[in-house]
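Okay, structure first, notes after.
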Amino acid sequence: MKVKDIVDLLGLKVFSGTEGLNREVEGGYTSDLLSDVMGHSEAGQIWVTLQTHKNVMAIASLKELAAIVLVKGFEPEPDCLAQSNIEGIPMLGTEDESFEITGKIYNLLHP
Amino acid sequence: MHFEYIIDGGNFAKAGTASSLFKKVLKQLNVDPKLIKRTVVALYEAEVNIVAHAYNGVIRIDIDTERIYINLTDKGPGIPDIELAMQKGYSTATPEVREMGFGAGMGLSNIKANADKLKIQSEVGKGTTVEIEILLKG
């Protein structure tokens, strides 16, 4: 399943990084602790978090994550948005809380 | 080959830049992707530690056919009790740093889990040197 499929099926907002909407999603990781994501996420995962600053993009790039989903209506900070466009890693958004959106993504990836 | 990166303490906007640059080098050198992943996790955590705790620092990396040797030397407050600092969950990060999702006390254990060798030397009031080695041949 591609990032854009998840965007369409769950009605996610696309803030930036549209170049990466064709990235393949291999799984997901939900956490707000950056070292947790650094240590335990895998390449190709979609990352659910409430962290909106630029460092999430550094981690997403280093770990080669597919996309980031910001929960509860949070929006990426301007320098995070800019970095997302440079990296081609989409920043997405939802009004859902982490638990809800994680469950929805999980169901899409494990039908 | 030798590489050097200067790190500013407190500059979170640039945290991870050195790791990102060096990752590109490793890809160009066709290093095994598994080893790149391990190196990047260890290097990023150590880089962020300088940003979060020190005044400034230098990352020096030597790579040959046998190993990647990373030396991170900072000027900073130092670590009074390294054994304690190594414990998962222990952190001296400020509340501001924790709010960003850093400072969960997982950085050093992430480094340890991904390095073949890890050596930390520190002098309180002066600074810390972290040495990380990743072996390129099994």
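The values are calculated or read from the model by the stated rules, or taken from the named source; none is laboratory data. Not measured: the values here are computed from a predicted model. Cβ placement follows ideal geometry from the backbone for every residue including glycine, while neighbour counts extend to all protein chains displayed.
A single member of A:G103, A:G73, A:G88 is touching a residue at least 40 places away in the same chain (Cβ under 8 Å) and surrounded by fewer than 19 Cβ atoms within 10 Å (Cβ to Cβ), and it is A:G88. Scanning the stretch B:22-37 for residues that are more than 11 Å from chain A (Cβ to nearest Cβ) and within 27 Å of B:A85 (Cβ to Cβ) returns a single hit, B:L35. Of all residues in the stretch B:99-138, those satisfying the criterion of being in a helix (DSSP H, G or I) and in contact with a Leu (Cβ under 7 Å, 6 or more places away or on another chain) are B:I111, B:K112. Annotation: B:G78 fulfils all but one of (1) within 14 Å of chain A (Cβ to nearest Cβ); (2) on the phi > 0 side of the Ramachandran plot; (3) surrounded by 15 or more Cβ atoms within 10 Å (Cβ to Cβ); the unmet one is (1).
For B:Y5, the stated conditions do not hold, so it cannot be described as at pLDDT 95 or above, surrounded by 21 or more Cβ atoms within 10 Å (Cβ to Cβ) and of a type in the set (F, W, Y).
At pLDDT 95 or above, away from chain A (no Cβ under 14 Å) and not in a strand (DSSP E or B), is that true of B:L84? Talk me through it step by step, then tell me what you get.
On the way: at pLDDT 95 or above: yes; away from chain A (no Cβ under 14 Å): yes; not in a strand (DSSP E or B): yes.
Criteria met by B:L84.
When A:L34, A:L50, A:L70, A:L62 are screened for being modelled with pLDDT of 95 or more, within 14 Å of chain B (Cβ to nearest Cβ) and out of contact with any helix residue (DSSP H, G or I) (no Cβ under 8 Å at 6 or more places or on another chain), only A:L70 passes.
Consider A:V14 carefully, then state whether it is more than 12 Å from chain B (Cβ to nearest Cβ) and either assigned to a helix (DSSP H, G or I) or farther than 13 Å from A:T102 by Cα (or both).
Numbers: more than 12 Å from chain B (Cβ to nearest Cβ): yes; either assigned to a helix (DSSP H, G or I) or farther than 13 Å from A:T102 by Cα (or both): yes.
The answer is yes for A:V14.
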